[in-house]
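Inspection log for the structure reproduced underneath, given as structure tokens.
The values are calculated or read from the model by the stated rules, or taken from the named source; none is laboratory data. Remember, predicted model here, so these are calculated numbers, not experimental data. For neighbour counting, all protein chains shown are included, and Cβ atoms are generated from backbone atoms with ideal geometry for every residue, glycine included. For accessibility, only protein heavy atoms count, side chains too; no ligands or nucleic acids. Shrake-Rupley method; radii C 1.70, N 1.55, O 1.52, S 1.80 Å.
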Amino acid sequence: YAQDYVLQVRSWMNANGFAGAPLWLSEWGADEPWYTAPRTGVDLIGSNLIRLSSPGSYVDGSHLFPFYDWGGDPDVPSTQFQGLINGAGERRTSFYGLRIATRALQGCRPTYQSTTSEANLTAITTKDGSGAVYLLVTNASETTSYVATVDLSALKTTGEGEEWRYDATHHDVLIGKPLLTDGHVTVPLPATSTVLLKF
């Protein structure tokens with residue numbers, strides 16, 4: 001994961017008078033055939049984007065490599081890199097892991113550190129310009145599902161929301177309209193999944 005290195009670079013920047021300078025990751029991504037695996041979309045992409053958008057390990061921008069199939073002879077798979085979108089324009093599974101995370105994180109929104117009691121879960125909360133609150137959670141476990149009780153009471157206390165899921169059978173699909181009551185909502189987190197709530 002890039003987070004440990006980002007934290008190291010941030011410490012160097014802070015120590016040398018560059019605390020306010022922008023930090024970019026020039027390139028990160030997966031080797032083939034990982035973009036066809038939901039685990040890549042959940043853990044490598046979703047969890048990394050959460051970590052790299054969080055206070056303390058924030059990056060101003062990054063480049064995911066490769067977005068499209070790249071290099072070599074397209075008829076000889078071993079000579080090219082596999083991207084999120086193939087040469088025919090078809091989206092691979094991990095594209096949807098990027099899309100669901102982007103919905104929560106785009107636009108340089110204010111972010112709020114979100115804590116979880118399980119090591120397999122990574123979460124972040126954001127708020128857009130209209131006041132809508134987004135909670136993005138990844139479950140990196142390939143075998144364990146969780147039911148999370150979410151506390152958003154510091155930001156919002158009531159309302160009907162929208163819930164999207166990305167996993168092996170849901171490619172960033174709207175699956176429900178949960179109710180926020182006294183700032184709390186319960187959400188299932190299947191193994192190897194990303195869930196996004198918007199209130």
Would you check if Glu90 is open to solvent by 30 Å² or more (accessible area, probe 1.4 Å), in contact with a Phe, Trp or Tyr (Cβ under 7 Å, 6 or more places away or on another chain) and farther than 30 Å from Pro22 by Cα? no
Would region 133-140 turn up any residue that is open to solvent by 40 Å² or more (accessible area, probe 1.4 Å), under 20 Å from Ser57 (Cα atoms) and in contact (Cβ under 8 Å) with a residue 12 or more places away in the chain? no
Of the candidates Leu180, Leu174, the one satisfying the condition of being without any contact (Cβ under 8 Å) to a residue 60 or more places away in the chain, part of a strand (DSSP E or B) and over 21 Å from the mean Cα position of the chain (by Cα) is Leu180
Would you please name the residue that is nearest to Gln113 (Cα to Cα), looking only at residues in region 50-79 that are in contact with a strand residue (DSSP E or B) (Cβ under 9 Å, 6 or more places away or on another chain) and open to solvent by less than 30 Å² (accessible area, probe 1.4 Å)? Ser54
Within the set of pairs 6+ apart or on separate chains, which have a first residue in region 50-68 that is assigned to a loop (DSSP other than H, G, I, E, B), a second that is of a type in the set (Phe, Trp, Tyr), and C-beta atoms under 8 Å apart? Leu52/Tyr58; Val59/Trp24; Asp60/Trp24; Pro66/Phe81
The condition from (1) farther than 25 Å from Pro178 by Cα; (2) touching a strand residue (DSSP E or B) at 6+ places or on another chain (Cβ under 8 Å); (3) among the polar types (S, T, N, Q) that Asn139 misses is numbered (1)
Does region 144-165 hold any residues that are open to solvent by less than 80 Å² (accessible area, probe 1.4 Å), assigned to a loop (DSSP other than H, G, I, E, B) and either within 25 Å of Ser130 (Cα to Cα) or not small (Gly, Ala, Ser) (or both), and which are they? Thr144, Leu152, Ser153, Leu155, Lys156, Thr157, Gly161
Which condition does Ala168 not pass, out of (1) outside any loop (DSSP other than H, G, I, E, B); (2) aliphatic (A, V, I, L, M); (3) under 22 Å from Tyr96 (Cα atoms); (4) open to solvent by 20 Å² or more (accessible area, probe 1.4 Å), if it passes all the others? (1)
Among residues of region 111-157, those that are touching a helix residue (DSSP H, G or I) at 6+ places or on another chain (Cβ under 6 Å) and among the β-branched types (Val, Ile, Thr), counted: 4
Residues that are in a strand (DSSP E or B) and open to solvent by 60 Å² or more (accessible area, probe 1.4 Å), drawn from region 98-126: Tyr112, Gln113
